[in-house]
Amino acid sequence: MKAICIHEHGGLEKLIYEDVPVPDVGPNDVLVEVKATSINHLDLWVRQGLPGVKFPLPMIPGVDAAGIVADAGSEVRHVKRGDRVVVAQGISCGHCRQCLSGQDNLCKDYRLIGEHRDGGDAQFIAVPSRNILALPEKVSFESAAATALVFLTAWQMLVDRANVRPGEDVLIHGVGSGVGSAGLQVAKILGARVLVTTSSETKAAKARELGADEIINSRSQNVLSETRRLTDKRGVDVVFDHIGAAVWEDSIKALAKGGRLVTCGATSGYEAKTDLRYVFYK
Ligand SMILES: [Zn+2]
């Protein structure tokens, strides 16, 4: 089959389009003929490499994949050849305390396809059958591939960690990103009033379309003072961040008393200053 492979880390030239064997399908595995994948920031980290992180090179990147079942192992019952499916990328042991309590993302063996094992940037991908989700006819392969990881992340942050309640104010940084636009939609489902930041007018219009209540232009406006103004100086109940260093200090200051900050990334840098007075007073 054809696949994109990374043999060593670096720029775009390190993505090699080549022939590789179709993966083996174990009795509990499903082989998916990939129809769509998406690009996550994680895909860039995997390609570029990260200090102190070892990736299993050579590997096929691609954290998201949607497609059609091409083959299923002898023990697989819930899907059959020809079914439209999307791949859930988290793979865990399935029997430890965390897995059995529904917190499989905290399993010590938790792995992502496209990060710790071959991903979806290939004609075929084989994954355990429990990672295969049925895809309704009305959802395109492209939408499904653009949905899985970012909505999983946003849901974990806003539902499981921040416990957003109806009527709360949520500030979403960088709403134009995949996880940011997912966060906006999840926060709206939960009944929150959602403030978002973006530096682009195009992304602002898209955010408005997806239900953003207030839009702050992070280039021309001061995010902290706008947040305070829009909340009558109260601050927001939840800050949703994936930008890191560039917004960290102001994010903590932008929180209301009892507020929560959830983070899933640090694209602007991972060393940030925390004034602990804001943490314990709030
Ligand atoms: Zn486990």
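Where a number appears in this text, it was derived from the coordinates with a stated rule and is not lab data. Every value quoted in this text rests on a predicted model; they were computed, and no experiment measured them. Here the Cβ is made from the backbone with ideal geometry for all residues, glycine too, and neighbour counts use every protein chain on show.
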Distance histogram in 10 Å bins (all Cα pairs of the stretch 151-281, percent per bin):
14, 50, 34, 3
For Cα pairs less than 8 Å apart in space and 6+ apart in sequence, what is the mean separation divided by the residue count of the stretch 1-156, i.e. the relative contact order in percent?
30 percent
For n ≥ 4 DSSP H runs only, could you compute -39500 (n - 2.57) per run for the chain, divide by its residues and tell me the 222 nm figure to the nearest 500?
-6500 deg cm²/dmol
For a distance above 24 Å, tell me the whole-number percent of Cα pairs in the stretch 6-126 that qualify.
32 percent
Using only Cα atoms, locate the centre of the stretch 37-108 and the centre of the stretch 213-233, then give the distance between them in Å, rounded to an integer.
37 Å
Only Lys, Arg (+1) and Asp, Glu (-1) charged, at Cβ; the chain dipole about Cα centre in debye:
1020 debye
Could you compute the net charge surrounding Glu33? Neighbours are other residues with a C-beta less than 13 Å from the C-beta of Glu33; K and R count +1, D and E count -1.
+2
Quick one: what do you get for the chain if you divide its Cα Rg by 2.2 N^0.38 Å?
1.08
Out of Ala144, Leu184, Ala162 - ranked by how far each Cα lies towards the positive end of the dipole of the stretch 121-248, with unit charges on the beta-carbon of charged residues - the top one is Ala162
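Starting with the highest mean, order 6-13, 31-38, 253-260, 61-68 by the number of other Cβ atoms within 10 Å, averaged over the residues of each peptide. Can you show the working numbers first?
Values: 6-13: 11.5, 31-38: 21.9, 253-260: 17.1, 61-68: 25.8.
Packing proxy ranking, top to bottom: 61-68, 31-38, 253-260, 6-13.
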Using the crude model of +1 on Lys and Arg Cβ and -1 on Asp and Glu Cβ, and no other charge, please compute the dipole size for the stretch 2-141 relative to its Cα centre, in debye to 20.
400 debye
Order of 84-91, 172-179 by packing, highest average Cβ count within 10 Å first?
172-179, 84-91
Computed over the stretch 237-282, Cα set: Rg, Dmax in Å:
10.0, 28
The stretch 151-281, relative contact order in percent, only Cα pairs under 8 angstrom and at least six apart counted
23 percent
